[in-house]
Amino acid sequence: MKPQQHNQSKTGAARRQFFSFVKKELLHIWRDKRTLFILLGMPVVQIIIFGFALTNEVKNSKIAVLDQSKDAATSSLIAELNASRYFDVEENLTSYKEIEAAFKKGKIKLAVVLPSQFSEDLKHTNKASVQLIADASDPNVANTLTNYATAVVMDYQDRVTNKQRLPYSIQVETRMLYNPQLKGAYNFVPGVMAMVLLLVCTMMTAITIVREKEMGTMEIMLVSPMRPQMVVIAKAVPYFLLSSINIASILLLSVFALEVPINGSLVLLIAESLLFTLVSLSLGLLISSAAGSQQVAMFISLVALFLPTVMLSGFMFPIENMPFPLRMVSNIVPAKWFYIIVRSVMIKGVGLAAVWKETLILTGMLLFLLTVAIKRFKIRLQ
Amino acid sequence: MLNEKIITVDHLTKRFAAFTAVDAITFDVYKGEIFGFLGANGAGKTTAMRMLCGLSMPTSGKATVAGFDVYTQNEQIKKNIGYMSQKFSLYEDLTVKENMQLYGGIYGKSNQFIKDKTAFILEQLHLKDEANKLVGSLPLGWKQKLAFSVAIFHEPEIVFLDEPTGGVDPVTRREFWMMIYEAAANGITIFVTTHYMDEAEYCNRVSIMVDGKVEALDTPAMLKQQYQSPTMDDVFLKLARKATRSGD
């Protein structure tokens with residue numbers, strides 16, 4: 001029974017080593033209140049900024065109306081525009097000349113012109129026209145506004161024609177699946193998750209390891225009987241915990257503050273997020289083995305990781321529209337796959353069967369990065 | 001002094017590509033002695049020391065530390081040695097007590113051992129009132145003494161000190177050496193590198209490395225006699241002047 005006893009005391013010692021080290025890492029984070037505050041506050045601030053300030057939805061845009069007909073039909077159409085949450089009728093114009101002046105003042109983004117025979121045309125020929133004039137100095141906004149305005153007019157038309165019961169008419173019915181209100185939050189919640197996890201895990205792990213190299217304390221750890229792999233893992237544990245808190249706060253905020261539903265399995269969503277967290281941690285380890293100083297570690301994390309994540313994950317710019325080389329590059333950005341997974345699970349509500357490919361890619365990336373990182377960490381000791 | 005060898009080094013060599021950092025050095029260190037390991041910058045001291053600590057694999061030659069082979073048993077070596085580097089090596093954002101708990105923990109010591117030893121060291125260094133203060137708030141001299149206590153916290157057989165007194169005032173250096181003597185008297189072997197030649201005088205035996213080779217090894221008194229020099233400083237200069245390598 002002696003060898004077994006020896007083994008037991010050996011694993012006991014290893015466990016003590018590990019937990020002493022993790023405790024020390026937690027103390028580092030706890031003592032540095034400012035960083036802790038940033039790490040935990042960042043996702044909250046980002047969700048708030050993206051959710052309420054930086055949105056590509058257009059709400060309450062000011063418009064001008066030139067009503068040359070001034071009858072029941074036109075005023076009810078104008079009332080409908082005004083009532084929609086996209087538009088506020090700011091000015092009632094009386095002539096074409098005033099349109100340009102109104103745009104130049106910069107007050108309005110869109111002008112709606114209703115011709116003088118609007119009601120007659122609608123009644124007798126079933127063909128009335130509305131003119132939309134948009135300020136295209138910001139083409140995206142102009143596009144969105146004309147689409148919204150068209151939709152409001154169509155709505156109105158539907159109701160009028162329904163009353164009349166025409167024998168036949170062609171109607172185009174568009175349904176926006178999964179996100180019927182075209183809410184921007186559906187798009188950026190997965191994006192913010194990818195960004196925050198990457199920033200916290202990758203940058204902080206890289207910095208904390210490089211800091212020990214700079215301070216000379218890493219050498220002490222390497223002279224100790226603690227295995228290098230154990231040092232690396234123990235360093236990652238606290239950031240894994242922090243990320244779990246961040247995942248929870250992002251999901252809670254998006255469900256309760258932004259009203260983005262979690263349509264798929266919550267367990268799957270959390271499991272995938274933890275997988276991505278591990279990928280980010282391995283990236284941090286890899287960076288730490290390449291960087292000689294904390295500044296370099298931070299620089300690599302920001303330039304080599306954060307920018308591609310924002311640009312090439314599909315979160316800001318659609319990947320489908322990118323030129324071929326960039327589309328290829330986007331494949332090695334882990335956030336791209338994570339972004340697809342979160343969108344699919346959270347918004348579309350699909351299961352693992354639909355995202356197994358992306359999951360497999362992330363798992364492959366994790367194994368590759370971790371192997372290289374630990375190998376490089378060991379080589380450095382020689 | 002017991003004549004038991006605790007470190008044996010036999011033609012130990014380390015090459016980095018074409019550069020031979022450590023060139024077939026041979027020496028023994030005896031249990032309980034204070035062994036001074038001297039040499040100009042770039043002479044190969046640090047590389048030799050790293051090999052003995054199990055941080056770096058030798059290219060050729062033999063060496064044992066505390067009876068364990070540096071090629072195959074560096075796990076056991078690590079358990080039996082302490083190390084203190086020229087860079088200050090405690091965590092400044094942890095308290096005195098937390099630092100000791102950490103080092104006790106990573107050497108796998110039991111909670112009881114850590115508790116007793118912590119109390120003992122705090123008593124010895126008169127740091128009881130500072131136990132829960134952050135190390136960063138202590139004066140440099142105290143930190144240095146504390147770092148030494150932490151390096152021998154797990155009661156190793158040998159402690160390697162890499163320029164431990166850099167940047168410390170003469171009074172603290174003296175106090176520091178008192179601690180080294182005390183540790184040696186308790187049977188811990190001291191392997192120390194230094195640039196201060198007055199400290200070399202405190203050592204039982206001194207080796208001087210020049211260009212990767214051990215050029216001289218004896219007691220300070222014998223070395224002074226051999227090189228007909230009044231001080232160790234003079235001995236060192238006579239030897240170091242022969243160096244062809246430039247320092248780093």
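The values are calculated or read from the model by the stated rules, or taken from the named source; none is laboratory data. These figures come from a predicted structure and were not determined experimentally. Cβ: placed from backbone, ideal geometry, glycine included. Neighbour counts: every protein chain shown. Calculation scope for accessible area: heavy atoms of the full protein, side chains included, ligands and nucleic acids excluded. Shrake-Rupley method; radii C 1.70, N 1.55, O 1.52, S 1.80 Å.
For this structure, a couple of remarks:
- Residues A:VAL329 and A:TYR96, FRET efficiency given R0 of 51 Å [Cβ-Cβ distance, rounded to 0.05]: 0.55
- Label point distance in nm, A:SER293-A:MET322, each placed 7 Å from Cα along Cα→Cβ: 3.2
- Computed from point charges on the beta carbon alone (+1 for Lys and Arg, -1 for Asp and Glu), the dipole magnitude for chain B about its Cα centre is near 420 Debye.
- Protein heavy-atom accessible area occluded, B/A pair - total, 1.4 Å probe, Å²: 2600
- Summarising the label geometry, the points placed 7 Å from Cα in the beta-carbon direction at A:GLN68 and B:TYR227 lie 10.7 nm from one another.
- Share of carbon and sulfur in the accessible heavy-atom surface of the protein assembly as shown [1.4 Å probe, %]: 59
- Filter on A:LYS33/B:LYS128; A:LYS235/B:LYS31; A:LYS375/B:LYS62 - keep pairs with C-alpha separation over 29 Å: A:LYS235/B:LYS31
- Contact order normalised by residue count of the range A:61-164, Cα under 8 Å, 6+ apart, percent: 30
- Summarising the overall dimensions of chain B from its C-alpha atoms, the Rg and Dmax are 18.2, 54 angstrom.
- Computed over every Cα-Cα pair of the range B:190-248 and binned at 10 Å starting from 0, the pair-distance distribution P(r) comes out as 22, 60, 18, 0 percent.
- Computed from the Cβ-Cβ distance with R0 of 35 Å, the FRET efficiency linking A:ARG85 to A:PHE19 stands at 0.05.
- Cross-link reach list, aspartates and glutamates versus A:LYS357, counting only Cα pairs under 13 Å and skipping chain neighbours closer than eight places: A:GLU272
- Table column - 3J(HN,Hα) (Hz), the range A:147-155, Karplus curve with 6.51, -1.76, 1.60, x for Gly and Pro: 4, 4, 5, 4, 4, 5, 5, 4, 3
- Average accessible surface for the protein assembly as shown: 49 Å² per residue, computed with a 1.4 Å probe over protein heavy atoms with every protein chain in place.
- Stretching the chain fully between B:ALA131 and B:ASN204 yields a gain of 22.9 nm (0.36 nm per residue, less the alpha carbon separation).
- Cross-link reach list, lysines versus B:LYS238, counting only Cα pairs under 27 Å and skipping chain neighbours closer than eight places: B:LYS14, B:LYS45, B:LYS213, B:LYS224
- Dividing the alpha-carbon radius of gyration of the range A:61-164 by the rule-of-thumb value 2.2 N^0.38 Å gives 1.04.
- Within straight-line reach of A:LYS70, meaning a Cα separation under 16 Å, sit the following lysines at least 8 residues removed in sequence or on another chain: A:LYS123.
- Local electrostatic count at B:GLY187 - Lys and Arg +1, Asp and Glu -1, tallied over other residues with Cβ under 13 Å: -4
- Taking the inverse of the mean 1/r over every pair of distinct Cα atoms in the protein assembly as shown gives a Kirkwood hydrodynamic radius of 30.1 Å.
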